[in-house]
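Read the figures in this text as sums done on the coordinates, not as results from a lab. The structure presented is a predicted model; accordingly, all values stated were derived computationally and were not measured. Ideal geometry is used to build each Cβ from the backbone, glycine not excepted, and the neighbour counts take in all protein chains shown.
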Amino acid sequence: MSYRVQSAAQWAAIFGFLATSGAAHAQEHAHGVAKLSIAVEGAGFTVQLESPLDNLVGFEHAPRNKQQEQAVRAMADKLRGAGALFKPNSEAQCRLGKSELASSALPPALIGKAGAKAAPKETGKPSAKAEHADLDASFEFACARPEALKSLNLASMFSGFTGLRRIEVQLVTQKRQLKRTLTRTSATLAW
């Protein structure tokens, strides 16, 4: 299938179609499994990550103690340095630009949201009872040589987050779309 994508709205429609056209399994919250949607367009690419918090910090609720708060901060720091986690082939000369992290279970201040303030102790905290929560993140990369962009290595995602066993990837470029499953032993997506 060949098509020319012109706008962010078209990318959103494509990812919406891909997300809803998969089996019900693709929509499940599965421990050890993260989902990536990658859109290659113009002079760069965008990565959308969805993962159960358990894969990234070892629990799926609002932090209940200082140790869990530190685990969330460490996870956010790793993801904000996503240029080290998502490694495009070097010939494309890509750099991480904007990144955003969000989770209904985590206080925005812990995941580094700009302008976020710590929630007051008595109100406004995410519910400690919210179990099975996810983290959603987006990362924008700009490439000096986008025509050379042909692969993305995710080995550092697996080594950086030991709870991660499998990454389900959907890729859309102006010339093709594909789905792949990456693992620790097969962590490079090539197109």
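Structure shown: which of Lys150/Lys175; Lys87/Lys175; Lys78/Lys98 lie over 18 Å apart, alpha-carbon to alpha-carbon?
Those over the limit are Lys87/Lys175.
Can you compute 3J(HN,Hα) from phi for each residue in segment 140-157, using the Karplus curve 6.51 cos²θ - 1.76 cosθ + 1.60 with θ = phi - 60°, rounded to whole Hz and x for Gly and Pro?
3J(HN,Hα) across segment 140-157, in whole Hz: 10, 10, 10, 10, 5, 10, x, 5, 8, 5, 9, 7, 9, 9, 10, 4, 5, 5.
How many nm is it between the label spots at Lys150 and Ala84, if each spot is 7 Å from the Cα in line with the beta carbon?
Taking the simple label geometry, Lys150 and Ala84 are separated by 2.8 nm.
Each label point is 7 Å from the Cα along the Cα-to-Cβ direction; what then is the distance between the points at His31 and Gln93, in nm?
4.6
Label points 7 Å out from Cα along the Cβ direction at Gln174 and Ser138: separation in nm?
2.1
Given H placed on each backbone N at 1.01 Å, which residues far from Phe59 in sequence or on other chains put an amide H within less than 5 Å of it?
Hits under the 5 Å cutoff: Asp54.
To the nearest 0.05, how large is the calculated FRET efficiency for Thr183 and Lys66 if R₀ is 25 Å and r is the Cβ-Cβ distance?
Once the sixth-power term is evaluated, E becomes 0.15.
Could you list which residues have their amide H under 5 Å from that of Leu135, counting only those 5 or more apart in sequence or on another chain, with H placed in the peptide plane?
It is Ser51, Leu53, by chain and number.
With a 10 Å radius around each residue's Cβ, average the other Cβ atoms per peptide and rank 50-57, 101-108, 62-69, highest first.
Peptide ranking by packing, descending: 50-57, 101-108, 62-69.
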